[in-house]
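J.: Please see the structure below; I have some questions.
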């Protein structure tokens with residue numbers, strides 16, 4: 001009997017030492033999906049977060065009347081945390097949250113490269129080379145170009161690439177549906193065509209206040225069955241573009257060369273933001289058919305080709321004079 005009491009006292013002492021032991025330095029532990037309490041307890045002990053996985057499971061049984069579920073994710077435990085505090089953090093799913101963001105106008109290739117650097121190492125393989133990927137997200141297009149909405153997203157370790165892609169596509173649909181509901185009465189584009197036009201507006205716009213005016217030019221040209229003649233579409237269709245757009249490039253037919261083909265390109269040429277989607281569905285009411293870059297982010301807009309041609313020559317001359325100055 002005495003031996004039994006001593007053993008019981010020793011167990012109580014050991015347990016009390018366990019629950020009172022505070023973490024001496026911050027530790028980060030990744031809890032994988034599907035892990036149960038016993039597996040998590042072993043991992044915490046292995047990482048040195050707690051002194052005993054056994055006593056941790058005992059503590060859970062003593063403190064919790066019902067079975068508990070620990071959300072998967074990366075947990076950061078701070079100095080001074082006791083096993084009870086660790087348990088509360090695990091139960092509440094206080095995981096480390098990361099932020100991933102990208103600006104408007106990036107192509108799907110550029111977004112994939114950023115996702116790879118963030119830790120999704122198969123991003124480029126999946127986004128650029130998997131022909132079945134769009135269909136899995138309900139997108140009837142050859143790629144997800146235009147469907148990855150530029151925004152800041154939160155994620156936790158263990159989130160899959162498909163989960164991230166799904167968030168981006170859902171956000172694109174949300175913005176597109178909102179803007180589509182309030183679109184201008186004269187709009188004849190489909191939602192998918194709207195994304196294509198929005199992507200061109202995104203690439204053509206240097207100043208935010210010009211978006212709806214640039215949109216008007218493209219709508220006017222489409223109504224008159226004029227070619228869009230947009231340089232960014234030509235560039236998108238050139239593999240390994242070197243930064244120098246030539247007259248030969250403008251004359252070489254590709255599916256994206258809007259100098260040689262009528263109408264919109266077959267897909268977006270980048271991933272547009274909300275402002276460009278809005279502009280595509282709410283263009284200004286103008287008769288302008290042309291615009292040319294002035295050189296400071298602004299454009300000059302013209303109704304006639306003669307005026308446009310004169311302005312092109314004017315700004316090209318200014319550019320040459322500027323380059324010639326010592």
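Each value in this text was obtained by applying a stated rule to the coordinates, not by laboratory testing. Not measured: the values here are computed from a predicted model. Glycine also receives a Cβ, built like all others from the backbone with ideal geometry; neighbour counts cover every protein chain displayed.
J.: Between residue 22 and residue 251, what length in nm is gained on full extension when 0.36 nm per residue of separation is reduced by their alpha carbon distance?
T.: Once the chain is fully extended between residue 22 and residue 251, it gains 75.3 nm.
J.: Roughly how many Å is it from the Cα centre of the stretch 77-99 to that of the stretch 15-40, as a whole number?
T.: Comparing the Cα centres of the stretch 77-99 and the stretch 15-40, I get a distance of 9 Å.
J.: Could you tell me the extents of the stretch 111-261's C-alpha atoms along the three principal axes, largest first, rounded to whole Å?
T.: If we take the Cα atoms of the stretch 111-261, the spans are 50, 40, 30 Å.
J.: Sticking with this one: On full extension of the chain, what length is gained from residue 224 through residue 298, given 0.36 nm per residue of separation minus the C-alpha to C-alpha distance?
T.: Answer, rounded to one decimal: 24.1 nm.
J.: Along its three principal axes, how long is the chain when you only count alpha carbons? Whole Å, largest extent first please.
T.: Taking the Cα atoms of the chain, the three principal extents are 109, 52, 33 Å.
J.: For the stretch 266-300 and the stretch 182-249, compute the distance between their C-alpha centroids and round to whole Å.
T.: 6
J.: Ratio of alpha-carbon Rg to the 2.2 N^0.38 Å globular estimate for the stretch 98-177, to two decimals, please.
T.: So the stretch 98-177 has a normalised radius of gyration of 1.00.
J.: Can you tell me which of 279-286, 132-139 comes out highest on packing, and rank the rest after it, using the mean Cβ neighbours within 10 Å?
T.: 279-286, 132-139
J.: Further, regarding this structure: Given the convex hull over the Cα atoms of the stretch 174-326, what projected area results after averaging over all orientations, in nm²?
T.: For the stretch 174-326, averaging the hull's shadow over all directions gives 9.8 nm².
J.: Next up: Could you tell me, in Å, what Rg and Dmax come out for the Cα atoms of the stretch 207-261?
T.: 12.5, 33
J.: Reported to two decimal places, what Rg/Rh ratio describes the stretch 233-310 when computed on Cα atoms with Rh from the Kirkwood expression?
T.: Numbers: Rg = 14.5 Å, Rh = 14.8 Å.
So for the stretch 233-310, dividing Rg by the Kirkwood Rh gives 0.98.
J.: Another question, if that's okay. Which value results for Rg/Rh of the stretch 20-131 when Rg is the Cα radius of gyration and Rh the Kirkwood radius based on the inverse mean 1/r?
T.: Values: Rg = 18.5 Å, Rh = 16.3 Å.
Using Cα coordinates only, the ratio equals 1.14.
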